[in-house]
Amino acid sequence: MNNACKKIKREFYSNHPIIVAKNLLGCALCVRLSDNRVLRGIIVETEAYRQDEESCHAYCGITKRSKTLFMPEGTLYVYFTYGMHYCANIVTEPEGIGSAVLIRALEPLFTSDFRLCSGPAKLCKALGITKSFNEIDTCAQNSIVWVEKFYDIPDTDIVQTTRIGIKKATELPWRFYIKDNGSVSKK
């Protein structure tokens, strides 16, 4: 079912990151460019992170790097990794709890190259997301980054598995993706 252009409100993000990670599948991540064009991609892969597990940047509490994770739900958390890539997350749960959902992959709606956004660094590059996007409130009325409800994904089409690309808490099944979608980073 298509519910295009229904911007997600802050309450959506007020849940545990596992719930939000699953519910973000089928939503559209939107970025308004300086020329007013909007790039959209359907979220097809996510990972949940929470301060009580050691792979989360909030595990050691509030630091210069992790302070965004403790901001109000719906805040964009962008970090630099491997000295060359940006990754975008959306903060979940009420302010003061360090948790977020990593947007791992999108099915781009602005190009026919369905692999263009098939990874967290690739999607940031394609959408122009950099560290300057850190702390953007995706729920603000005039935000340049927001999420829209787009498709409802049935539970039978959602794969739940362990997270990838991390070294700690690797046993947690906190990664979700849309089954048989060609834009997923790795199966």
Is it the case, given these coordinates, that Leu69 is in contact with a His (Cβ under 7 Å, 6 or more places away or on another chain) and of a type in the set (A, V, I, L, M)? yes
Could you check the stretch 23-94 for strands (runs of 3 or more DSSP E) lying wholly inside it with 3 or more residues that are over 24 Å from Ala169 (Cα atoms)? 28-32, 38-50
Which numbered condition Asn15 misses (of (1) touching a residue at least 60 places away in the same chain (Cβ under 8 Å); (2) under 16 Å from the mean Cα position of the chain (by Cα); (3) part of a strand (DSSP E or B)): (3)
If you go through the stretch 91-129 one residue at a time, how many are in contact with a Cys (Cβ under 8 Å, 6 or more places away or on another chain), over 14 Å from Ser183 (Cα atoms) and open to solvent by 20 Å² or more (accessible area, probe 1.4 Å)? 0
Out of Ile8, Ile43, which single residue is within 18 Å of Asp155 (Cα to Cα), buried (at least 19 other Cβ atoms within 10 Å of the Cβ) and β-branched (Val, Ile, Thr)? Ile43
Every listed condition ((1) closer than 23 Å to Asp152 by Cα; (2) out of contact with any Ser or Thr (no Cβ under 6 Å at 6 or more places or on another chain); (3) open to solvent by 20 Å² or more (accessible area, probe 1.4 Å)) holds for Glu73 save (2)
Give the number of residues within the stretch 130-187 that are open to solvent by less than 40 Å² (accessible area, probe 1.4 Å), under 23 Å from Arg10 (Cβ atoms) and touching a helix residue (DSSP H, G or I) at 6+ places or on another chain (Cβ under 9 Å). 8
Flag if Arg65 is of a type outside the set (S, T, N, Q), modelled with pLDDT of 95 or more and open to solvent by 50 Å² or more (accessible area, probe 1.4 Å): no
Could you list, ordered by first residue, the pairs with Cβ atoms under 8 Å in which the first is in the stretch 165-187 and closer than 22 Å to Asp113 by Cα and the second is among the basic types (Lys, Arg) and surrounded by fewer than 16 Cβ atoms within 10 Å (Cβ to Cβ), at least 6 apart or interchain? Tyr177/Lys187; Gly182/Arg115; Ser183/Arg115
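The values are calculated or read from the model by the stated rules, or taken from the named source; none is laboratory data. Just so it is clear, the model here is predicted, and its values are computed rather than measured. Positions of Cβ are backbone-derived with ideal geometry, glycine not excepted, and every protein chain shown enters the neighbour counts. Just the protein is used for accessible areas: all its heavy atoms, side chains included, with ligands, DNA and RNA removed. Shrake-Rupley method; radii C 1.70, N 1.55, O 1.52, S 1.80 Å.
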